[in-house]
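What follows is a short report on a single structure.
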Amino acid sequence: MRYEGNIFRPPSEARSYILQCTVGCTHNRCTFCAMYKDKKYHVRSLEEIKTDIRMAKQYYGDVEKVFLADGDAIAMETSDILEILHDLYAAFPSLKHVGVYASPDVILRKEMSELTAMTAAGLTIAYLGVETGHEPLLKDIRKGVTYDEMVEAGKRIRQAGMQLSVTVLLGLAGRTPEAVDHARNTAKILNDMNPDYIGALTLMVVPRTELFRRMERGEFELPGPFEILDEMRIMIENLEVVDSEFRSNHASNYLPIKGRLPQDKQKMLDLINDIIAKNDRSYLRPDYLRAL
């Protein structure tokens, strides 16, 4: 398959055919993210995308899952997305899942009729990077939306009939008292959205980001692993979502956890509290095995 630059996808899309529809990210200003720093956002031509679908058909024969890359494929003209979805379902008879990253500002610019049309055409899940529900931190990381706008974006995805998968970042407030507010308010924003899936990742500060430069200047300090676990504990304690899947099994995390909420809430809290009480790093994923 043909790809421009490094390709990123959610962990749950590991077995998906990756179709690059756009290159880069329309926002690309978040202080912690280096994923698309080497790319200038642009939309690939429909002719190229359609050719790639035909190539994938010849190579794979049939697939059940497709992920539309890069960071903002949903920012394409809706008519083009609908045409791509039509061609995908025509090419792959077993196709039942098509996912896409969704920037909140892009979702807010789409009409509800556009979002529902994409759902009807077979776009099944949107991945929304929430990161935090703490309003000052949202502004500091340059996410580009307010708390209320982020909630509205999440609600619009669900109202359109797509599944909503959100990611949040443990450690984003650094080693400060604000970490508690980050954990509590992140739980609050998740409660307001009630997503189908919640993925908790742990911040890893990478070069070529503003956050990395702040850390080099001594303006940001990463929390330790047990401080990260305490953030996750506070967040889970305050979650009141219904029928949501919670996971912290990304490679960046110190402690893999998963469960359904609310039924598995206490089981997850018991595990976290037990590990915190032991205060033994041998129970956690070592740093050399952690990755983005």
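The values are calculated or read from the model by the stated rules, or taken from the named source; none is laboratory data. This one's a predicted model, so the numbers in the text were calculated from it and none came from an experiment. Note that each Cβ is placed from the backbone with ideal geometry, even for glycine, and that neighbours are counted across all protein chains shown.
Listing for the model above:
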item: Residues that are surrounded by fewer than 24 Cβ atoms within 10 Å (Cβ to Cβ) and either small (Gly, Ala, Ser) or in a strand (DSSP E or B) (or both), drawn from the stretch 184-198; result: Ala187, Tyr197
item: Top-ranked residue of the stretch 237-258 - restricted to ones that are over 18 Å from the mean Cα position of the chain (by Cα) and not in a loop (DSSP other than H, G, I, E, B), ranked as nearest to Arg281 (Cα to Cα); result: Glu237
item: Met215 vs. criteria within 18 Å of Arg290 (Cβ to Cβ), in the same structural domain as Asp280 (by TED's automatic domain parsing) and out of contact with any Gly (no Cβ under 8 Å at 6 or more places or on another chain); result: yes
item: Exclusive hit being not small (Gly, Ala, Ser) and not assigned by TED's automatic domain parsing to the domain that holds Leu255, set Arg158, Arg175; result: Arg158
item: Qualifying residue in the stretch 185-205 (condition: on the phi > 0 side of the Ramachandran plot, modelled with pLDDT under 95 and out of contact with any strand residue (DSSP E or B) (no Cβ under 6 Å at 6 or more places or on another chain)); result: no
item: Residue in the stretch 152-160 that is within 14 Å of Pro195 (Cβ to Cβ) and not in a helix (DSSP H, G or I) present; result: yes
item: Within the stretch 271-282, considering residues that are surrounded by 10 or more Cβ atoms within 10 Å (Cβ to Cβ) and more than 11 Å from Phe226 (Cα to Cα), the one nearest to the chain's Cα centre (by Cα); result: Leu271
item: Check on Pro207, without any contact (Cβ under 8 Å) to a residue 40 or more places away in the chain, surrounded by fewer than 16 Cβ atoms within 10 Å (Cβ to Cβ) and either under 23 Å from Pro104 (Cβ atoms) or not assigned by TED's automatic domain parsing to the domain that holds Met35 (or both); result: no
item: Qualifying positions in the stretch 259-280 - acidic (Asp, Glu) and either in contact with a Lys or Arg (Cβ under 6 Å, 6 or more places away or on another chain) or outside any helix (DSSP H, G or I) (or both); result: Asp264, Asp280
item: Elements of type strands (runs of 3 or more DSSP E) in the stretch 62-147, at least 3 residues being in contact with a His (Cβ under 7 Å, 6 or more places away or on another chain) and surrounded by fewer than 17 Cβ atoms within 10 Å (Cβ to Cβ); result: none
